[in-house]
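Heads up, the thing below is written out as structure tokens.
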Amino acid sequence: MDAVSRVVHTESPTAQPASARHSSALLFGQLVTLAAVTIWLYGPTLTQLVKQWWHDPNFSHGFFVPLFSAFVAWHGRSHLTQIPPKPSWTGAGIAALALDILVVGQTGAELFLARLSLLLLVCGLIVLFLGWNYLRALLFPIAFLVLMIPIPAIVFNQITFPLQLLASRLSTEGLSWLGVPVLREGNVITCHGS
């Protein structure tokens, strides 16, 4: 009996690393599969997003936003390693909602919704695999990613046009105060020389 217990004790340490290796290989395979499916689903949306960053100078900052978010997450990695993972099935519901929003966004050609659904999917996957505490710890870098998504043109115009009018009105008043004769029509300023 004593010999059997010695054999069991000597074999257990070698058996655990083999199962741990199998477990980590399985987890890696699942993550690769999940990443491939996500890229397949969001490929057209991400391609259009990058094209808009490249061609629209109003949103060229989009290239730097993910880099900054990754830097912030990397900077807090020591804190993340101390958080015990507590996976939650509510993450699956969040991920399902994100995929529903993706379908609505792509069906209605609403790019903003489709792009925003990617961030919601990331949140859902974090909750599903790591738990709510991880999401709380990563909330700032994920929320910052919203800045990489161009807002819809109708909203953009509703914000920028009144600001353009305000700037031209203030400029006209400033120039008039300095004694420069000006005429303002909308946001176009014409100076009249003497």
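Counting pairs of Cα atoms in the chain, how many percent are more than 28 Å apart?
Tail of P(r) above 28 Å: 51 percent of Cα pairs.
Select from GLN106, GLN164, GLN52 the residue whose mean-square fluctuation is largest in a Gaussian network model of the chain (Cα-Cα springs shorter than 10 Å).
Looking only at GLN106, GLN164, GLN52, the largest GNM fluctuation is found for GLN164.
Taking a ≥ b ≥ c as the square roots of the Cα gyration tensor eigenvalues, with a/c under 1.5 meaning rounded and otherwise prolate when a/b beats b/c, else oblate, which class fits the stretch 41-80?
Since a/c reaches 1.5 but b/c is at least a/b, the shape of the stretch 41-80 is classed as oblate.
What are the chymotrypsin sites (Phe, Trp or Tyr not before Pro) within the stretch 62-114 that DSSP puts in a loop, where the Cβ has at most 13 other Cβ atoms within 10 Å?
Hits after loop and neighbour filter: TRP89.
So who's got an amide H within less than 5 Å of the one on VAL182, skipping anything under 5 residues away but keeping other chains? H placed 1.01 Å off N, in plane.
Here HIS192 satisfy the definition.
Can you tell which of GLY62, GLY91, GLY174 shows the greatest fluctuation in a Gaussian network model of the chain with Cα springs below 10 Å?
Checking each option, the largest mean-square fluctuation is seen for GLY174.
DSSP H helices in the chain with Cα extent of 30 Å or more along the helix axis and mean Kyte-Doolittle hydropathy at least -0.5?
Membrane-span-like by this rule: 2-55, 153-177.
Give the relative contact order (percent, whole number) for the chain; include only Cα pairs under 8 Å separated by 6+ residues.
Reported as a whole number, the value is 17 percent.
Find how much the distance from VAL72 to ASP100 grows on full extension, using 0.36 nm per residue of separation minus their present alpha carbon separation; answer in nm with one decimal.
Taking 0.36 nm per residue and subtracting the Cα distance, the gain is 7.2 nm.
Where a number appears in this text, it was derived from the coordinates with a stated rule and is not lab data. Predicted model only: the values in this text are computed from it and were never measured. Reconstructed Cβ throughout: ideal geometry from the backbone, glycine too, with neighbour counts over all protein chains shown.
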